[in-house]
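Asks: Would you mind keeping the following structure in view while I ask a few things?
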Amino acid sequence: MTTEKNFKPEDSLKLINGIIHSAKNKLADDGFFLIFWGWLIIVCAMTQYFSVKFNFEWGSLVWAILPPLGGIFSWIYGAKQDKKKKVKTYVDTYIAYVWGGFLFAMILTLVFGYAHGLKATYFFLMLLYGVATFVTGGILNFKPLIFGSLFSFALAALSVFLGDLDQFLCISAALLLSYVIPGHMLRSKFKSQENV
Amino acid sequence: MFKELDPILHSQLRLAVVSLLVSVKEAEFTYLKEQTNSTAGNLSVQIQKLKEAGYIEVEKTFKDNYPQTLCKITKAGVHAFEKYVKDINEYLNQKNK
């Protein structure tokens, strides 16, 4: 190792490059929330799909129960993870803003759906899924998330031509392809980098 | 004639700390220690020097009842780092001529 006394300008450039290169290639997200929310909303959508199909009245209640519980859990889990973090990066901040904006847009879209009928809302929900994962994929420089988001856009376009019931299948497919699968890939890449 | 390199930054450990801090928002002392493979004593001394030069801000807080030291680069630190990299590049360019 170079000692302080013979620390040459060539060494300092190598040191800077090494540190910045390793920071640049480090994945800042473990994909937990993508997997968690992906599965949670898939469970809600499929519960409603089957409850409508088999005339079970209370199926839609799942929307009033699981997402709020998921919100409380995410808040507690996020706060705990934040406490554990030894470093705060700009990437963390950008991602927090993307998903904060996504949450506001989501709530307003649901208000719109309440006033104008839910069918039109599914299109916008899938657009929002797509935009949030597309931008997150760009920030993290993680291509599976960017490709995954394209499925949400394509399924949003497809949903316009589908009936009410099929919207739930469409939403489930969008979440599986743009949240759950890229989320698992992100998580495995994050874990492999932790084990290095 | 070569420009004189900033003596505060032209030190292996201090440069490593500033290079780490330039790419993050803030970092704990323990993170810097792990990343630079340094001893707590040496790192404390170098952090103090960077703080005195106005290149970093140091905030001492408590986390779960344990003392926590947070380090953050200042505008002067970013400026000094950019100037240092520029000076090094100029030095290497002149040397290779």
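Asks: In Å³ and rounded to a whole number, note down the convex hull volume per residue for the Cα atoms of segment B:12-96.
Replies: Details: hull volume 8.5 nm³, N = 85.
So the per-residue hull volume is 100 Å³.
Asks: Does the protein assembly as shown classify as rounded, prolate or oblate by the C-alpha gyration tensor (a ≥ b ≥ c root eigenvalues; a/c under 1.5 gives rounded; else a/b over b/c gives prolate, otherwise oblate)? Let's see the in-between values first.
Replies: Numbers: a/c = 3.24, a/b = 2.40, b/c = 1.35.
Verdict is prolate for the protein assembly as shown.
Asks: Quick one: if the Förster radius is 25 Å, what FRET efficiency do residue A:73 and residue A:99 give, using the C-beta to C-beta distance and rounding to 0.05?
Replies: Numbers: r = 15 Å, r/R0 = 0.61.
Given R0 = 25 Å and the Cβ-Cβ separation, E is 0.95.
Asks: Among residues other than residue A:83 whose Cβ falls under 12 Å from its Cβ, what is the net charge (Lys/Arg +1, Asp/Glu -1)?
Replies: Numbers: positive: A:80, A:84, A:85, A:86, A:88, B:63; negative: A:82, B:28, B:64.
Summing Lys and Arg as +1 and Asp and Glu as -1 gives +3.
Asks: With a cut-off of 14 Å, note down the residues of segment A:79-98 whose backbone N falls inside the zone around a label point 7 Å from the Cα of residue B:63 toward its beta carbon.
Replies: A:79-89
Asks: Ok, one more. What helices does chain A have that are whole DSSP H segments, at least 27 Å long along their own axis by Cα, and with mean Kyte-Doolittle hydropathy of 0.5 or more?
Replies: Details: long enough: A:32-53 (31 Å, 1.57); A:61-84 (35 Å, 0.35); A:90-116 (38 Å, 1.23); A:118-140 (33 Å, 1.57).
Those that pass (Cα extent of 27 Å or more, hydropathy at least 0.5) are A:32-53, A:90-116, A:118-140.
Asks: Follow-up. Could you pull out every one of the aspartates and glutamates with an alpha carbon less than 20 Å from that of residue A:53, ignoring same-chain neighbours closer than 8 positions?
Replies: Excluding near neighbours in sequence, the set is A:164, A:166.
Asks: Say R0 is 22 Å: what FRET efficiency, to the nearest 0.05, do residue A:65 and residue A:39 get from their beta-carbon distance? Each step should come with its number before you reach the end.
Replies: Working: r = 15 Å, r/R0 = 0.68.
Efficiency computed from Cβ-Cβ geometry: 0.90.
Asks: Per-residue mean of other chain beta-carbon atoms within 10 angstrom of the beta-carbon, peptide B:33-40? All intermediate terms of the calculation are to be shown ahead of the outcome.
Replies: Details: counts 1, 2, 5, 2, 1, 0, 0, 0.
That average works out to 1.
Asks: Here is a follow-up. What is the order of B:38, A:60, fewest Cβ neighbours within 10 Å to most? List each step's numbers first, then the result.
Replies: On the way: B:38 18, A:60 13.
Result, fewest neighbours first: A:60, B:38.
Asks: Could you please rank A:170, B:71, placing first whichever residue has the fewest other Cβ atoms within 10 Å of its Cβ? Please list the in-between numbers first.
Replies: On the way: A:170 21, B:71 24.
Ordered from fewest to most neighbouring Cβ atoms within 10 Å, A:170, B:71 come out as A:170, B:71.
Asks: Pull out a ≥ b ≥ c, the square roots of the eigenvalues of the alpha-carbon gyration tensor of segment A:53-129, then state rounded if a/c is under 1.5, prolate if not and a/b is larger than b/c, and oblate in the remaining case.
Replies: Details: a/c = 3.50, a/b = 1.71, b/c = 2.05.
Because a/c hits 1.5 or more and a/b fails to exceed b/c, segment A:53-129 counts as oblate.
Asks: Now a separate question. So who's got an amide H within less than 5 Å of the one on residue B:56, skipping anything under 5 residues away but keeping other chains? H placed 1.01 Å off N, in plane.
Replies: Those lying under 5 Å, H to H, from residue B:56 are B:51, B:74.
Asks: Take residue A:165 and residue A:118, extend 7 Å from each Cα along the Cα→Cβ direction, and tell me the distance between the two endpoints in nm.
Replies: Rounded to a tenth, the inter-label distance reads 1.5 nm.
Asks: May I pose another question? Using r as the Cβ-Cβ distance of residue A:11 and residue B:52, and R0 as 22 Å, what FRET efficiency do you calculate, to the nearest 0.05? Intermediate results must be reported in sequence, preceding the final value.
Replies: Working: r = 24 Å, r/R0 = 1.10.
Step by step, r from the Cβ atoms, then E = 0.35.
Asks: So what is the relative contact order of chain B, in percent, for Cα pairs below 8 Å that sit 6 or more residues apart? Write out the running numbers ahead of the final one.
Replies: Working: 96 pairs, mean separation 31.7, N = 97.
Over chain B, the number comes to 33 percent.
Asks: Also: Apply the Karplus curve 6.51 cos²θ - 1.76 cosθ + 1.60, θ = phi - 60°, to the phi angles in segment B:21-35 and return the couplings in whole Hz, x for Gly and Pro.
Replies: 6, 5, 9, 10, 6, 7, 9, 6, 4, 5, 5, 4, 5, 5, 5
Asks: Now, a different point. Would you mind checking the pairs A:80/B:25; A:14/B:83; A:14/B:75 and listing those with alpha carbons more than 21 angstrom apart? Can you show the working numbers first?
Replies: Values: A:80/B:25 19 Å; A:14/B:83 16 Å; A:14/B:75 24 Å.
Checking Cα-Cα distances, A:14/B:75 exceed 21 Å.
Asks: Which residue, A:139, A:107, A:19, has the most motion in a Gaussian network model of chain A that connects Cα atoms within less than 10 Å?
Replies: A:19
Since every read-out is calculated from the coordinates, none of them should be taken as a lab result. The structure displayed is predicted, hence computed values, not measured ones. When we count neighbours, we look across all protein chains shown, and the Cβ atoms used for this are built from the backbone with ideal geometry, even at glycine.
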